[in-house]
Amino acid sequence: MIPYGKQSINQSDINAVIEVLQSDWLTQGPKVPAFEKAIADYCSVNHAVAVNSATSALHIACLALGVGKNDLVWTSPISFVASANCALYCGANIDFVDINLATGNMSVDSLSKKLADAEEKDNLPKVVIPVHLAGQSCDMKSINELSKRYGFKIIEDASHAIGAKYLDKPVGNCEFSDICVFSFHPVKIITSAEGGMAVTKDVNLAKQLKRLRSHGITADPTEMTEPSHGPWYYQQIELGFNYRMTDLQAALGLSQLNKLDEFVAKRNDLIIYYNNAFKDLPITQLQQEKECYSSYHLYIIRLTNIDKEHHKNVICQLRKQGIMSHLHYIPIHLQPYYKDLGFALGDFPNAERYYDEAMTIPLYPTMTNSDQLEVISNLVQYV
Ligand SMILES: *Cc1c(COP(=O)(O)O)cnc(C)c1O
């Protein structure tokens, strides 16, 4: 079986985890801040806060930016449901901005029109969450300009995009956003088993993210409402969660981070090979923008000029041959839970057309040439 993605674990990853198991700290020890510092350095950003998933990171990022009841959050319909659920966790309302069909990312044109319309109706979003689909950054410069004009905050959902670059700088430097979120789930670029990280330039946001991941508790006297009672003292000053990452996970993440650039380079090499093989077929790659270097979490193609049934059939036939092709993503607004909130077919036409055409085929750093040839020959046959 050839999966659509998988982790690459070597002996040094294993040793890093064993070392923690034999140490005094399984959680709340030194590996978590070490991983945070390494990610912050990698991204050229001041602060990084490790949590137990990107979903948790998105949730506390929304809270830290003040998202609450009656607020509005916008994201892309072509994403994993977590990009939208985070707003609902805060009691806020969610809406979507249609995608650019060529890149699969949030369309700046649609965003800009929707903002103008929302301003008239006095219904502007508090936060917009662009999602860097498959590892290619959204047009952050334009989204950032719109944020200044309309006064919203930005959380980048970079779950796919650690190791990617935008305008020659690392995704996660937060030049054009308030907070950026990464996922370390095993199918993503690097893994800590489960795990996520929120990065920010803003020291106060970082402090609040740290409190929210651990019950809303602080041990910092400057954040307390009265003098310390003694060395045991801490205060809960807001309502937080247990969203902590363990030291086992952080050690794995740290070890994986050493190989991040190598993984991304390998993914880019595999992509070139695929693209060459598909040149003369009715297969469209996600358009790559010149200001972006993608981390290629996924290899997504669109089968254009093919009807819905044939599209489905290609995915099923590949699966029958043990090639676990997939589809990222089902438009979030068409999930039953979201339909119950009032969304319907027809709301976001580009996202819906994308869903009828897109498929994900296998891509991971340890993929061999023969794996790749097998995928290619099968795809060529069924398309
Ligand atoms: C994987 C993913 C998430 C959630 O990541 P977890 O670490 O599994 O919580 C959120 N957004 C996107 C776009 C993802 O792909």
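Within region 207-217, is there a residue that is within 15 Å of the ligand (Cβ to nearest atom), part of a helix (DSSP H, G or I) and in contact with a Phe, Trp or Tyr (Cβ under 8 Å, 6 or more places away or on another chain)?
Yes, region 207-217 has at least one match.
Restricting to strands (runs of 3 or more DSSP E) lying wholly in region 43-136: which have 3 or more residues that are under 23 Å from Tyr166 (Cα atoms)? Don't jump to the end; show me each part of the working.
Values: elements: 47-51, 72-75, 93-96, 127-129.
Passing ranges, in order: 47-51, 127-129.
Got a sec? Which of Glu194, Glu145, Glu175 is modelled with pLDDT of 95 or more, within 14 Å of the ligand (Cβ to nearest atom) and farther than 20 Å from Gly68 by Cβ?
So the residue among Glu194, Glu145, Glu175 that is modelled with pLDDT of 95 or more, within 14 Å of the ligand (Cβ to nearest atom) and farther than 20 Å from Gly68 by Cβ is Glu194.
Within the group Tyr329, Tyr354, which residue is of a type in the set (Ser, Thr, Tyr) and assigned to a loop (DSSP other than H, G, I, E, B)?
Criteria check complete, one pass: Tyr329.
Results for (1) in contact with a Phe, Trp or Tyr (Cβ under 8 Å, 6 or more places away or on another chain); (2) at pLDDT below 95; (3) in a loop (DSSP other than H, G, I, E, B); (4) loosely packed, with under 14 Cβ neighbours inside 10 Å, shown as yes or no for each residue.
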{"position": "Lys6", "(1), (2), (3), (4)": "yes, yes, yes, no"}
{"position": "Ser12", "(1), (2), (3), (4)": "no, no, no, yes"}
{"position": "Val20", "(1), (2), (3), (4)": "no, no, no, no"}
{"position": "Val32", "(1), (2), (3), (4)": "no, no, no, no"}
{"position": "Glu36", "(1), (2), (3), (4)": "no, no, no, no"}
{"position": "Ala40", "(1), (2), (3), (4)": "no, no, no, no"}
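Would you confirm whether any residue within region 75-86 is more than 13 Å from the ligand (Cβ to nearest atom) and hydrophobic (A, V, I, L, M, F, W, C)?
no
Among the residues of region 144-195, count how many are among the β-branched types (Val, Ile, Thr), in a strand (DSSP E or B) and touching a residue at least 40 places away in the same chain (Cβ under 8 Å).
Number satisfying all stated conditions: 3.
Looking only at region 346-366, how many residues end up being farther than 30 Å from Phe278 by Cβ and without any contact (Cβ under 8 Å) to a residue 40 or more places away in the chain?
Residues that pass the stated criteria total 1.
Please give the number of the condition Glu226 fails out of (1) surrounded by 17 or more Cβ atoms within 10 Å (Cβ to Cβ); (2) more than 16 Å from the ligand (Cβ to nearest atom); (3) over 13 Å from Ala64 (Cβ atoms).
Single failed check for Glu226: (1).
Which condition breaks for Lys121 when tested against (1) surrounded by fewer than 24 Cβ atoms within 10 Å (Cβ to Cβ); (2) more than 11 Å from the ligand (Cβ to nearest atom); (3) in contact (Cβ under 8 Å) with a residue 40 or more places away in the chain?
(3) is the only condition that Lys121 fails.
Given the structure, is Ala57 within 15 Å of the ligand (Cβ to nearest atom), buried (at least 19 other Cβ atoms within 10 Å of the Cβ), closer than 25 Å to Ser214 by Cα and touching a residue at least 12 places away in the same chain (Cβ under 8 Å)?
yes
Within region 235-259, how many residues turn out to be among the polar types (S, T, N, Q) and part of a loop (DSSP other than H, G, I, E, B)?
Of the residues in region 235-259, 1 are among the polar types (S, T, N, Q) and part of a loop (DSSP other than H, G, I, E, B).
The values are calculated or read from the model by the stated rules, or taken from the named source; none is laboratory data. Bear in mind the structure is a predicted one, so any value in this text is a computation, not a measurement. Here Cβ is always computed from backbone atoms with ideal geometry, including for glycine, and neighbour counts include all displayed protein chains.
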